[in-house]
1. Which net charge results when you count Lys and Arg as +1 and Asp and Glu as -1 among the other residues whose beta-carbon is under 10 Å from that of P345?
2. For F138, list long-range residues whose amide hydrogen, built 1.01 Å from N in the peptide plane, is under 5 Å from its own amide hydrogen.
3. Hey, fewest Cβ within 10 Å first, where do Y181, Y43 land in order?
4. A369 to T6: extension gain in nm, 0.36 nm per residue of separation minus the Cα-Cα distance?
5. Please state the shape class of segment 1-142: rounded when a/c is under 1.5, otherwise prolate if a/b exceeds b/c and oblate if not, all from the C-alpha gyration tensor.
6. D417 versus D97, label points 7 Å from Cα toward the beta carbon: distance in nm?
7. With a/c under 1.5 counting as rounded, go ahead and sort segment 236-363 into rounded, prolate or oblate using the C-alpha gyration tensor (a ≥ b ≥ c being the square roots of the eigenvalues; past the cut-off, prolate if a/b is larger than b/c, else oblate).
8. Hey, rough spin-label estimate for Y85 and T329, points 7 angstrom out along Cα→Cβ, what's it come to in nanometres?
Amino acid sequence: MSRSETLFANAQKHIPGGVNSPVRAFKSVGGTPLFFKHAEGAYVVDEDDKRYVDYVGSWGPMILGHGHPQVLDAVRQQLEHGLSYGAPTALETEMADLVCKLVPSMEMVRMVNSGTEATMSAIRLARGCTGRDNIIKFEGCYHGHSDSLLVKAGSGALTQGVPSSAGVPANFARHTLTLPYNDLASVEKTLAAVGKEVACIIVEPVAGNMNCVPPAPGFLQGLRQLCNQHGVILIFDEVMTGFRVALGGAQAHYGVTPDLSTFGKIIGGGMPVGCFGGKREIMSCIAPLGPVYQAGTLSGNPLAMAAGLATLGLISRPGFHQELADYTTRMLQGLQERADAAGIPFVSTQAGGMFGLYFSGADSIVTFADVMASDAERFKRFFHLMLDGGVYLAPSAYEAGFTSIAHGDTELAITLDAAERAFAALKRA
Ligand code: PMP
């Protein structure tokens with residue numbers, strides 16, 4: 001028995017399913033989840049001492065690679081001064097100023113502890129500020145696990161086959177209107193009918209929780225126009241895309257300005273952080289300035305701010321995001337060539353340093369239906385073959401992959417070697 005197997009068996013005694021977040025359970029790919037004990041640069045190391053090139057990166061935060069010395073130093077320095085004060089710190093202001101500088105649509109920002117808190121609070125703010133109860137989201141998009149947002153959700157919810165969670169009262173769910181991603185006509189029709197009741201549209205500007213689906217040309221621009229027309233607040237959930245697809249996030253990459261944005265992952269450099277913010281006029285509705293309540297004992301935690309500030313500083317250097325995107329493109333091209341050579345129908349998607357892999361004969365992936373039509377069984381076998389070859393992909397056909405700046409030629413070679421063998425094995429199967 002491997003150590004991961006032993007640890008997983010033990011974990012299940014007191015942790016539901018042995019994991020603290022469902023997708024970690026390997027339920028959709030089968031087998032035993034790997035237990036990690038160390039991570040460095042582009043690699044994670046499991047409890048059996050096997051090293052893997054990591055394309056999960058803690059689901060996005062580790063854009064610098066694991067354990068970047070300057071990030072660790074920043075945390076160590078802050079550590080000497082205590083773990084949490086529950087009172088204002090200069091670090092929080094530094095973080096708020098930096099976020100507003102890097103993302104111009106952010107005029108004010110509130111720090112929270114996770115992406116879930118960020119989106120949940122942004123939705124409450126939109127409702128409180130417009131006096132409207134309904135929200136629009138898109139099928140397959142995941143915005144954390146708050147009640148309003150677990151309706152036809154992506155990510156683990158989709159992977160586990162429960163996109164609409166039990167425990168969400170029907171009376172809550174009826175306020176969440178779910179429309180097809182990349183289908184502007186359906187948004188137009190819905191807003192024409194019930195626009196006056198809609199507080200906000202929340203969207204992943206690149207959908208990263210149903211694998212990876214970039215926005216169709218004009219989709220985000222169209223949402224912006226329709227929101228203006230109907231007095232609806234446009235929220236970009238940039239928890240995944242923020243500081244990744246470009247320094248200024250997807251809104252910079254695609255040139256569309258939302259009213260509110262949510263961030264997480266990279267902004268904490270691996271510590272538990274999120275934030276939401278946007279137009280001053282809207283953010284002024286938040287307590288203590290306004291009537292919409294939102295709070296957090298550990299919000300703006302100094303260790304998390306230190307890790308986040310160091311990370312944002314390092315990724316601000318010119319050329320960083322181009323390098324990240326270039327590695328990702330080279331890797332995807334290499335996979336495509338090898339899949340083609342083996343005669344395996346395969347297509348990939350990319351937005352900067354995030355990507356999607358599909359076992360599909362489709363020319364392109366644009367809709368949720370395109371995603372669902374890809375061969376998830378084949379992905380499952382590919383996932384395990386890649387694992388055998390020393391490459392750790394997201395353990396689900398419905399999650400985006402992430403690269404880091406620590407990924408280079410060595411990691412590319414390991415990845416493509418493993419893929420060549422994996423595609424050949426899939427062909428034989
Ligand atoms: N929004 C998006 C787009 C996400 O990808 C995620 C998590 N993957 C969340 C919100 C929720 O963030 P967290 O898991 O930190 O609560």
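1. Values: positive: R378; negative: D340, D375.
Net charge in that neighbourhood comes out at -1.
2. L179
3. If I rank by nearby Cβ atoms, fewest first, I get Y43, Y181.
4. On the way: separation 363, 0.36 × 363 = 130.68 nm, distance 3.85 nm.
Stretched out fully, the A369 to T6 stretch lengthens by 126.8 nm.
5. Values: a/c = 2.18, a/b = 1.38, b/c = 1.58.
It comes out oblate by the Cα gyration axes.
6. Taking the simple label geometry, D417 and D97 are separated by 4.9 nm.
7. Details: a/c = 2.64, a/b = 2.10, b/c = 1.26.
It comes out prolate by the Cα gyration axes.
8. A separation of 4.6 nm, rounded to one decimal place.
Read-outs: derived from the displayed coordinates by stated rules, not from any lab. Owing to the predicted nature of the structure, the values given are computational and were not obtained by experimental measurement. Don't worry about glycine lacking a Cβ; one is built from the backbone with ideal geometry, like all the others, and counts go over all protein chains shown.
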